[in-house]
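Reviewing the structure listed below.
The values are calculated or read from the model by the stated rules, or taken from the named source; none is laboratory data. Being a predicted model, the structure only gives us computed values, none of them experimental. All accessible areas refer to the heavy atoms of the entire protein, side chains included, with ligands and DNA or RNA removed. Shrake-Rupley method; radii C 1.70, N 1.55, O 1.52, S 1.80 Å.
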Amino acid sequence: MHSTSTVLPSRTLLGPVGWVGRSALAILGYSGGVTLLALGAAGSVLWPRLTRDEQAAAPGFMKTLMNQIFWMLVMGVPLVGLVHIAMGSFLSLQAYYGSTFVDGTGAVVGVGLLRNLGGLMTGMTFAGILAARMIPELRILARHLSSSGSRSAGSDSNVGHRPVETFGEAAGAPNVIAPARLAAPRIAAAGVACLLLSQWGITVGTLVGWQASQSMMGLSTEMFFMMMLKMMWFRDVMGLIVKGLLFGILPAAICCYEGLGPAALEDEPAQAGFSASHPAHGLAPPWSMPVFRAVCLSCVAILILNSSWFILVYHAVPFYGPTLLAPPGP
């Protein structure tokens with residue numbers, strides 16, 4: 001009997017390869033989950049085929065939409081305003097200390113906020129607000145509805161992918177609510193709120209920069225706003241609308257996936273024990289890591305979208321438009 005020996009590769013050598021493979025699969029799986037949830041939410045809005053049980057179980061779309069927009073604006077207006085007070089004063093003082101384009105301070109402040117910084121800073125600030133409020137709310141809702149549904153429908157090993165079940169007030173039978181239907185009004189509300197907050201932030205930053213230029217440089221109001229309007233492009237206004245919507249929709253989709261996706265229920269027993277122990281031991285609440293992950297991923301996504309918009313819209317067309325400097329010669 002012949003014996004053959006096979007020398008297996010060292011785990012030390014294959015460790016980095018396995019880590020890269022697992023990371024790639026995790027990124028693709030996470031991106032696919034967020035995309036499917038967002039597409040499902042869009043489909044539930046475009047084709048709202050609700051049964052009578054679903055209508056009795058779930059609140060109306062418009063009612064949830066207005067409630068979500070309300071708290072997003074209440075929390076977002078002061079934070080976004082404070083951020084843009086800093087941005088407007090910084091851009092105005094930068095023109096003063098640089099002493100290069102004092103007459104163009106209006107263009108530096110107004111167009112800079114409108115073209116790039118206003119939407120970018122609003123989106124990142126808004127991403128933190130969404131994650132801090134939306135993920136705990138959805139995780140508590142998902143666990144409550146899932147536990148109610150499991151008592152009536154029995155156990156299911158794939159709890160993360162089955163529809164969330166709840167009970168209507170009038171009917172005694174369980175009603176099925178898809179996670180996409182819960183996410184749809186929240187994603188739509190985030191897009192509308194972020195667009196409004198972007199406009200609010202740009203307005204605050206521009207007014208603060210205008211006052212700073214008057215008090216620090218003695219720049220007249222006519223010169224400030226004339227240079228601002230002279231340097232403004234139509235694509236800047238379109239960018240504010242498009243990026244304002246996307247910078248709200250994408251973080252909201254990520255937060256809804258963290259709150260309603262498979263991970264929201266897989267570690268429920270461990271999180272329940274962790275939640276009970278954190279007041280005595282000073283530990284973080286169970287959803288601190290999902291909130292942190294959602295904020296980081298939302299900021300990365302916003303940066304990618306912002307860079308893509310700049311490359312596709314500003315570099316894909318004749319680059320030189322209204323400017324304070326003469327374009328370089330041929």
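Only protein heavy atoms count here; under a 1.4 Å probe, residue 84 has an accessible surface of about 0 Å². Of the residues 224, 61, ranked by 1.4 Å probe accessible area with the largest first, the sequence reads 61, 224. Remark: accessible surface ordering of 113, 37 (largest first) is 37, 113, probe radius 1.4 Å. What residues qualify as long-range amide H neighbours of residue 219, i.e. H under 5 Å apart, gap of 5 or more or another chain, H built at 1.01 Å from N? The answer is 214. Within the assembled protein chains, the solvent-accessible surface assigned to residue 222 is about 130 Å², based on a 1.4 Å probe.
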